[in-house]
Amino acid sequence: MRSRTALLAAAALTAAATGTATAVTAPGAAAAGCTVAYTVQTQWDSGFTSGVTVTNTGDPVSGWNLTWTFAGNQRVTQGWNADLAQSGAGVTARNVAHNGTLATGASASFGFNASYSGSNAIPATFKLNGVTCNAGPVDPDPPTDPPGPGARVDNPYAGAKVYVNPEWSARAAAEPGGSRISDRPTGVWLDRTAAIEGVGSAMGLRDHLDAALTQKGTGELVVQLVIYNLPGRDCSALASNGELGATEIDRYKTQYIDPIAAILADQKYAGLRIVTTVEIDSLPNLVTNVTPRPTATPNCDTMKANGNYQKGVGYALNKLGDAPNVYNYVDAGHHGWLGWDDNFGPSAEIFKTAATTEGATLGDVHGFIVNTANYSALKENHFTVDDSVNGVSVRQTKWVDWNRYVDELSYAQAMRAKLVTLGFDTNLGMLIDTSRNGWGGAARPAAPGPRTNADAYVDGGRYDRRIHLGNWCNQSGAGLGERPQAAPAAGIDAYVWMKPPGESDGSSKAIPNDEGKGFDRMCDPTYEGNPRNNNNKSGALADSPLSGQWFSGQFQELMRNAYPAL
C-alpha cells in the first residue's frame with residue numbers, strides 16, 4: 001500500500017451542477033450554501049480510502065445528502081459516518097442518525113473505501129441537498145467561507161495533515177525497513193516537566209510547534225500532545241511512575257500545566273489544531289484499583305482519597321482549553337480494562353467529575369481517547385459478544401470473562417454514547433490508538449475458531465493473541481494497526497498512533513534512572529502475573545529499556561506483524 005504525500009491533504013473543489021436531491025428546509029425560508037473538502041487519504045494499485053468533510057455555510061438544516069459524480073471507474077465498496085449509494089458514476093451520501101443536523105458553520109465528516117483502475121481524479125462537483133457547494137450561498141447573508149485557520153471545527157482531523165515528529169521519524173527511518181512508516185504522525189509525549197523545554201538535545205514543546213508550522217504550509221495541521229505528569233502517576237503500575245509525589249498537585253499546576261498552557265496560547269501557534277490527550281491511565285485507576293477491589297493498591301487508595309487525579313485533570317482541561325485552537329481528549333482506558341458492568345458506568349461518572357473540577361466544564365472536553373499505548377484489537381471479525389456455542393455465551397469464556405465488549409471500536413462507540421447521556425456534547429468525538437493493535441503475521445486467524453465449545457471458538461478466532469487482556473507491557477506478537485486516518489467510523493474522530501511505535505512500555509529488569517520510573521514485573525517475561533491479569537504470564541518481550549526509550553526489537557516486531565501488512 002502506498003500513501004499520498006499528504007496524509008489528509010485538503011482539496012479545494014469548484015462547482016457546477018450535478019445530481020438531484022431534495023432540500024429539507026422549508027421552501028423560501030432558508031438560505032443555502034456549503035463547502036466540501038474531499039481527500040484521498042490512502043491509495044494503492046486497485047483501491048483507495050477517501051475522507052469527505054461538508055460544511056454548511058447556509059441556514060441550519062436537519063437531514064442532508066451530498067451528491068457527486070466520479071470521472072472514472074471508481075466504485076464505493078464500504079463507507080462510514082454516512083449511508084452511501086452508487087448508481088453508475090453518481091454517488092449519494094446521506095447522513096446517519098448522529099450527524100443529521102448541521103447548524104450554520106457546522107461540519108460533518110465521513111469516509112469510504114473504493115476500487116478503481118487507471119486514474120483516480122477528484123470529483124469536480126458536489127451538491128448538498130440540491131445546492132451546489134463551493135459556489136457561494138443562495139442568500140448573501142450566511143457566511144460563505146469555511147472556518148478559517150485556528151477556527152474551532154467539529155473534527156480537528158478532518159481535512160488536515162497531522163504532525164510528523166522528526167525525532168521519532170529519524171529513529172524509525174534508521175531501522176531496517178523503517179522508512180515504510182517513518183512518515184506517519186505520532187504523539188509527542190510531555191511526560192515530565194523538563195520535556196517542556198527539552199531534555200538534553202531533545203526537542204521541547206516550542207521546537208515541535210515551530211516544526212509543525214513548517215510542515216503545515218498553507219493547509220491545516222494537527223499536532224498531537226500527550227499530557228502525562230499527574231501527581232502519583234500510574235498508581236497501579238511502576239514502569240510509568242512519574243516525577244511528582246502523590247501530594248504535589250501545586251507543582252503539577254504551576255510548573256507543568258501553566259507553562260504548557262502559556263505556550264499553546266501564543267498567537268504564533270493559533271493556526272495549528274492542537275490535540276491534547278490528557279493523562280493516560282489515570283482516572284480509571286480510581287474505579288478498578290482501589291479498596292475493596294482485589295486489584296487495589298495502596299497508591300491508588302491514596303490518590304482516590306486525596307482527589308489529586310480529578311483535580312489535576314480538571315485543572316489541565318480548564319487551562320489548556322482556554323486556547324480556541326486546543327482540542328482536549330481525555331483518556332478512557334480500553335475495553336479490557338473498563339468493559340465490565342461494574343467498571344464502565346462508574347468510570348464514565350469519574351470522567352464527568354474530573355471534567356467539572358478546578359474550573360473545568362464539560363465544554364472543555366472535545367472528546368476521549370481509548371487504547372492509548374495498549375494492544376486491544378480494533379475490531380474482532382470472527383466473533384461478537386452476542387455469539388453462543390452449544391448454548392454457552394462467549395461472555396462466559398476465559399478470554400471474554402463476562403466483558404460487554406470484545407474490541408475497541410465497539411467499546412469506544414458505547415463509551416461515547418454513555419458520556420453523551422451524562423451531559424457531554426452530542427458531537428463528542430473519540431480517538432482510538434491503533435499503533436500496536438494490528439495483530440497480523442502468521443498467528444492472525446483467518447477464520448472463526450472451531451465450534452466444539454465456546455472457549456475454542458473464541459480462542460481460535462480472536463485476533464488479539466495476548467495471554468490475557470490485562471497484559472500491557474511490550475507484548476510479544478503485537479503488530480502495527482490501522483494507519484492514522486480521520487473519521488474512519490461512526491463517532492470516531494480518528495485512528496491515531498498516539499504511542500510512537502518502537503518506544504518501550506517499561507524495562508524488563510530494574511534500571512537505575514533519574515526519571516522516577518520503577519521496575520514493574522509486568523514487563524518481565526518471566527513474571528507469573530497478579531490479580532490484574534488473573535495470574536497469567538506477562539507476555540512481555542525480553543531486553544526492553546525504560547519506558548519511552550527506543551526499543552528496536554519491539555519496533556521490528558511491530559512491523560513484521562503489521563495489519564494491514566506493510
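Listing for the model above:
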quantity	calculated
Evaluation of residue 181 against (1) buried (at least 18 other Cβ atoms within 10 Å of the Cβ); (2) over 27 Å from the mean Cα position of the chain (by Cα); (3) modelled with pLDDT of 95 or more (one fails), failing number	(2)
Every residue from the stretch 335-367 that is more than 16 Å from residue 282 (Cα to Cα), among the charged types (D, E, K, R) and touching a residue at least 12 places away in the same chain (Cβ under 8 Å)	341, 358, 364
Qualifying residue in the stretch 442-462 (condition: surrounded by 17 or more Cβ atoms within 10 Å (Cβ to Cβ), closer than 23 Å to residue 382 by Cα, touching a residue at least 24 places away in the same chain (Cβ under 8 Å) and of a type in the set (S, T, N, Q))	no
Only listed residue being part of a loop (DSSP other than H, G, I, E, B), open to solvent by 30 Å² or more (accessible area, probe 1.4 Å) and modelled with pLDDT of 95 or more, chosen from 319, 379	379
Test: residue in the stretch 239-250 that is free of Cβ contacts under 8 Å to residues at least 12 places away in the same chain and closer than 27 Å to residue 314 by Cβ	yes
Residue match in the stretch 224-246 (condition: in contact with a Phe, Trp or Tyr (Cβ under 9 Å, 6 or more places away or on another chain), open to solvent by 30 Å² or more (accessible area, probe 1.4 Å) and farther than 30 Å from residue 521 by Cβ)	no
Test: residue in the stretch 275-282 that is surrounded by fewer than 20 Cβ atoms within 10 Å (Cβ to Cβ), at pLDDT 95 or above and touching a helix residue (DSSP H, G or I) at 6+ places or on another chain (Cβ under 8 Å)	no
Scope the stretch 322-343; condition touching a His at 6+ places or on another chain (Cβ under 9 Å) and in a helix (DSSP H, G or I); matching residues	336
Among (1) within 26 Å of residue 401 (Cα to Cα); (2) open to solvent by 30 Å² or more (accessible area, probe 1.4 Å); (3) not in a loop (DSSP other than H, G, I, E, B), the one test that residue 302 misses	(1)
Count of residues meeting criterion [over 24 Å from the mean Cα position of the chain (by Cα) and without any contact (Cβ under 8 Å) to a residue 40 or more places away in the chain] in the stretch 85-108	7
Filter result for the condition that a residue is open to solvent by 20 Å² or more (accessible area, probe 1.4 Å), more than 24 Å from residue 168 (Cβ to Cβ) and either modelled with pLDDT under 95 or in contact with a Lys or Arg (Cβ under 9 Å, 6 or more places away or on another chain) (or both), over 529, 518	518
Condition met for residue 45 (acidic (Asp, Glu), modelled with pLDDT under 90 and surrounded by fewer than 19 Cβ atoms within 10 Å (Cβ to Cβ))	yes
First in the stretch 159-180 and without any contact (Cβ under 8 Å) to a residue 24 or more places away in the chain, second anywhere and hydrophobic (A, V, I, L, M, F, W, C), Cβ under 6 Å, 6 or more apart	179/173
Considering residues of the stretch 474-516 that are among the charged types (D, E, K, R) and assigned to a loop (DSSP other than H, G, I, E, B) only, the residue farthest from residue 414 (Cα to Cα)	514
Yes/no for residue 188 being without any contact (Cβ under 8 Å) to a residue 40 or more places away in the chain, under 27 Å from residue 491 (Cβ atoms) and open to solvent by less than 50 Å² (accessible area, probe 1.4 Å)	yes
Among (1) outside any helix (DSSP H, G or I); (2) farther than 19 Å from residue 331 by Cα; (3) not hydrophobic (A, V, I, L, M, F, W, C), the one test that residue 425 misses	(2)
Verdict on residue 496 being surrounded by 22 or more Cβ atoms within 10 Å (Cβ to Cβ), modelled with pLDDT of 95 or more and closer than 19 Å to residue 381 by Cβ	no
Residues within the stretch 203-214 that are closer than 20 Å to residue 257 by Cβ, surrounded by fewer than 18 Cβ atoms within 10 Å (Cβ to Cβ) and among the hydrophobic types (A, V, I, L, M, F, W, C), tallied	0
Identity of the residue in the stretch 418-436, open to solvent by 10 Å² or more (accessible area, probe 1.4 Å) and touching a residue at least 60 places away in the same chain (Cβ under 8 Å), that ends up nearest to residue 466 (Cα to Cα)	418
Filter result for residue 342 (more than 13 Å from residue 231 (Cα to Cα), surrounded by fewer than 19 Cβ atoms within 10 Å (Cβ to Cβ) and either within 18 Å of the chain's Cα centre (by Cα) or at pLDDT below 95 (or both))	no
Some residue of the stretch 386-402 being open to solvent by 40 Å² or more (accessible area, probe 1.4 Å), modelled with pLDDT of 95 or more, part of a loop (DSSP other than H, G, I, E, B) and within 30 Å of residue 107 (Cβ to Cβ)	no
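This table checks each residue for (1) under 15 Å from residue 276 (Cα atoms); (2) touching an Asp or Glu at 6+ places or on another chain (Cβ under 8 Å); (3) among the small types (Gly, Ala, Ser).
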residue	(1), (2), (3)
161	no, yes, no
170	no, no, yes
175	no, no, no
178	no, no, yes
190	yes, no, no
193	no, yes, no
197	no, no, no
201	no, no, yes
216	no, no, no
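The values are calculated or read from the model by the stated rules, or taken from the named source; none is laboratory data. Quantities reported herein were computed from a predicted structural model and do not represent experimental measurements. Ideal geometry is used to build each Cβ from the backbone, glycine not excepted, and the neighbour counts take in all protein chains shown. Side chains included, ligands, DNA and RNA excluded: accessible areas come from the protein's heavy atoms. Shrake-Rupley method; radii C 1.70, N 1.55, O 1.52, S 1.80 Å.
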